[in-house]
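Below is one structure, written out as structure tokens; comments come after it.
The values are calculated or read from the model by the stated rules, or taken from the named source; none is laboratory data. Quick caveat, the model's predicted, so the values are computed rather than measured. Every residue, glycine among them, receives a Cβ derived from its backbone with ideal geometry; neighbour counts consider all protein chains shown.
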């Protein structure tokens, strides 16, 4: 680190730049390991799915797939389940996204001010515990907690607080109107500490003098949060919002586990429909499923573009 | 939710500030440390187990592992059966059978949560890691496995005396175009189970044999306070709607093999479900918590938690749930009740073995499956239960029942006799590419009647039929 | 009281408000900690309930039963092996991804690579593309062609890809913060690109490495779908798949027994993580002191 200050030099001379350019193709070798994986396990499968979406590919059929042009897309746009599926995914996203951004942000602001080193460490360790629990185990846990008849949440609501009777107790999981909020709650729980850590990292970068200066000017804590902290966390907020939007719209495991394949369930989103078509129903219409996948992906990217515009870098 | 990761812009933010001159380089680097400090957490778990990163030390990802090289399908490979996980869990004496087949490469099938995808993918390459799959249920996946060219019939390998020993209705279930594609192993029949502690408390001495009696007994349970709820069922069609329908008449399948939702017996079955719901827990229609919603269902929880007295499902379910009671011997079981004017049938299905077309060791596989399915210890464990499991699944062979009738083993419980009486009348769900999925597609439609949003059961069932037809039309399009 | 003009009392008031603030802050933080910990404590309690108590719904059991742990250890005798598999796959995934990300991030910022704009565009686009479900078939085909089905090591390849794009982008933004002048200076001094990366680049990007490592650790450690599809031997599988198998509906697994599996499965991670956390903090503090 000490070498840093002494080795900052003016821009390299043009002749040096030129010499480096000769190595340009050779420099590709640095990218090769990453691109090998990226193309092999990501780009190629995506392109294959794109190809499938223009065919009548049926996985179980022994007939070769026929090119059908845009037929799958035409069918999909006339399929009410596609619209329902997208709308359900969007509803979940609206329930999940605010909680998974705002709560960790507040928690990070609080934890960031803890000066006692041991206590701060303990908080950070606890925060990350949910992140080391494998997904299937998180689902099992909340399946228990939410159980209608003998889960602890309803036990407390019915037997301890007497807010409900066994007949009127909330039916959390299994395809009711409460299922999406219930899934959103535990998703927020799962990511609470993890996201808090991101914000903590961002907060650590905000100079403490800024706060002191603002305090001396008479700003209260809320003003500090609103005018100092949040503007400075804006880039992190942007990335979190955009990427969490992406993952929330494309949730599938939780829906399969907590809502099954019941088409009336709010958990039967476009991803579940796609899975159902591709792996369960009839001849496994993977061509059609692929088209639905691309429609879902395009709808998402449309919104993402909007979000990126909203969060576009602003100077000043 | 797959965690994509976002933190790279954290650093971006720092850098932007650096460029704007808000912080100098030294501050920048110090704060970067701060960032590392902040997110240090999880990575350090890794520090304990991973070698330090060095570009030259990147390990070749495909370095050989200690795994049995099952994928290398060489001609000399040992007999390789693959089992659905639950079969191993429920039948602990399978390893004893395996011990008689030295060199056997016993495996668990990669099917949970994902079905038969692996098998089909392999068959497309004209290969198979395994020789035989133990875990196929005919109405669920047999048609698909045949259509996709994954499996072949047993006829060339199964001994004639075994074929003749199969109970006729089971043999029919496992046969397509005159060929036996599933060698049946475990028989599940839908019947009735009840908690005797509760029926005793309610003063019920008789076993309900008709649905009228069943509903009355359930009402008595509730009015006497013996339990919170009178009766329950599993809302998945093949476990409730279909058996209730069969108890009126099993002749409810169209010529192409689909369940006729609009038939009179089906309507009667649906109305019965609504009557039962009035005596049951409010979450009865909800999806279960495991296996895509079909298991870990609310009825199981209610029965295990001793909140309900009467239960209709395949016997494995009440047995498994009663194992959680303080006194599991309070579980009683019998045949499915019937409508007064009904046929008194029910539903059964078998879980059996299929022979991979591109597998090997086919004669040996037949030998193994015969040995497995005739193993008397497995049947005793299944029916009488062991310390670890009590599946209550029954054998598919007539000769075994005949043997028990001739000299009754002391471990044989009464319910087996009650069920075998009903077995000749029982009918499997007809095999079809939509054999199982028709009930998943149609469930929200018939439930419109059950949850009250559609008062006319006929209209609800017409909706169910239309939904299935619409889905089939997509396949044909 | 606040109207008083005395400086002293004003300061006192300020100090007291500050203290109140600290207390309120800790109360709120601890409420969040409870939200995180109480569900896990409930699982711990469940794992020692007798089976009938577990199904009675009451919070505190009448009868404790500590036998569930020995039951599951006997029933899933491959558990240590599965744990090892998970550690192995996770570690390898993290190492490979990190190496790929460092190399690519370095090249994209500090080296002249023709077409790097397109590479970055592709990487960013891929972040927003939900490819998981349908690409599974393709991935299966690839693995089969490579003969990597049913090998623990084979899982590493698709796992590396799960977070590769984001890892490269993280490293790219990290390297953007390493001054070009520094890299150029090293090269004027005669260092090749590799040596420059190793001697100048890597020491400056340690906290970026931490981020990439965490991201990959979390994903690989909990991955289920690929692992369940691409492996089939119990001894080859990773922990999450085996756990999911144990709670599958048809198995003879009462709630307290699954809870025991739960505790066994997550404790090593938490303990290792707790210890390593301390070491890491120490290392950082020492490093920080020297600077």
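Among the residues of the stretch B:338-349, are any surrounded by 22 or more Cβ atoms within 10 Å (Cβ to Cβ) and within 25 Å of residue B:92 (Cα to Cα)? Yes, some residue in the stretch B:338-349 is surrounded by 22 or more Cβ atoms within 10 Å (Cβ to Cβ) and within 25 Å of residue B:92 (Cα to Cα).
The condition of being in the same structural domain as residue B:438 (by TED's automatic domain parsing), surrounded by fewer than 24 Cβ atoms within 10 Å (Cβ to Cβ) and closer than 30 Å to residue C:52 by Cβ holds for only one of B:328, B:318, that being B:328. Limited to the stretch A:156-186, what total is found for residues that are in a loop (DSSP other than H, G, I, E, B) and under 22 Å from residue C:58 (Cβ atoms)? Adding up the residues that qualify gives 13. Does the stretch C:72-84 contain at least one residue that is buried (at least 18 other Cβ atoms within 10 Å of the Cβ), at pLDDT below 85 and not in a helix (DSSP H, G or I)? Yes - at least one qualifying residue is present in the stretch C:72-84. Looking at B:460, B:433, B:442, B:464, just one residue is over 22 Å from residue B:232 (Cα atoms) and part of a helix (DSSP H, G or I), and that residue is B:464.
When every residue of the stretch A:60-82 is checked against the conditions, at least one turns out to be at positive phi and not in a helix (DSSP H, G or I).
Criterion first (within 7 Å of another protein chain (Cβ to nearest Cβ), touching a residue at least 12 places away in the same chain (Cβ under 8 Å), surrounded by 21 or more Cβ atoms within 10 Å (Cβ to Cβ) and under 28 Å from residue A:240 (Cβ atoms)) does residue C:169 satisfy it? Considered against the rule, which asks whether it is within 7 Å of another protein chain (Cβ to nearest Cβ), touching a residue at least 12 places away in the same chain (Cβ under 8 Å), surrounded by 21 or more Cβ atoms within 10 Å (Cβ to Cβ) and under 28 Å from residue A:240 (Cβ atoms), residue C:169 comes out as yes. What do you reckon, is residue C:227 in contact with a helix residue (DSSP H, G or I) (Cβ under 8 Å, 6 or more places away or on another chain) and either modelled with pLDDT of 80 or more or within 30 Å of residue A:197 (Cα to Cα) (or both)? Yes; evaluated as a whole, the condition is true for this residue. The set of residues from the stretch B:113-134 being outside any loop (DSSP other than H, G, I, E, B) and in contact with a strand residue (DSSP E or B) (Cβ under 6 Å, 6 or more places away or on another chain) comprises B:132, B:133, B:134. Flag: residue B:235 matches the condition of being buried (at least 24 other Cβ atoms within 10 Å of the Cβ), on the phi < 0 side of the Ramachandran plot and out of contact with any strand residue (DSSP E or B) (no Cβ under 8 Å at 6 or more places or on another chain). From the list A:225, A:237, the one residue that fits, being under 24 Å from the mean Cα position of the chain (by Cα), more than 8 Å from chain B (Cβ to nearest Cβ) and under 29 Å from residue A:310 (Cβ atoms), is A:237. Residue B:223 fulfils the conditions (1) buried (at least 19 other Cβ atoms within 10 Å of the Cβ); (2) closer than 30 Å to residue B:307 by Cα except for a single criterion, (1). Here is the figure for the stretch B:358-391: residues that are at pLDDT 90 or above, within 23 Å of the chain's Cα centre (by Cα) and buried (at least 18 other Cβ atoms within 10 Å of the Cβ) total 9. For the stretch C:39-71, the tally of residues that are in a helix (DSSP H, G or I), surrounded by fewer than 19 Cβ atoms within 10 Å (Cβ to Cβ) and more than 9 Å from every other protein chain (Cβ to nearest Cβ) stands at 5. Would you check if there is a residue in the stretch B:174-182 being in the same structural domain as residue B:325 (by TED's automatic domain parsing), touching a helix residue (DSSP H, G or I) at 6+ places or on another chain (Cβ under 8 Å) and buried (at least 22 other Cβ atoms within 10 Å of the Cβ)? Looking through the stretch B:174-182, none of the residues is in the same structural domain as residue B:325 (by TED's automatic domain parsing), touching a helix residue (DSSP H, G or I) at 6+ places or on another chain (Cβ under 8 Å) and buried (at least 22 other Cβ atoms within 10 Å of the Cβ). Whenever a residue of the stretch C:1-24 is at pLDDT 80 or above, it has no partner that is loosely packed, with under 10 Cβ neighbours inside 10 Å and part of a helix (DSSP H, G or I) lying with C-beta atoms less than 9 angstrom away and at least six residues away or across chains.
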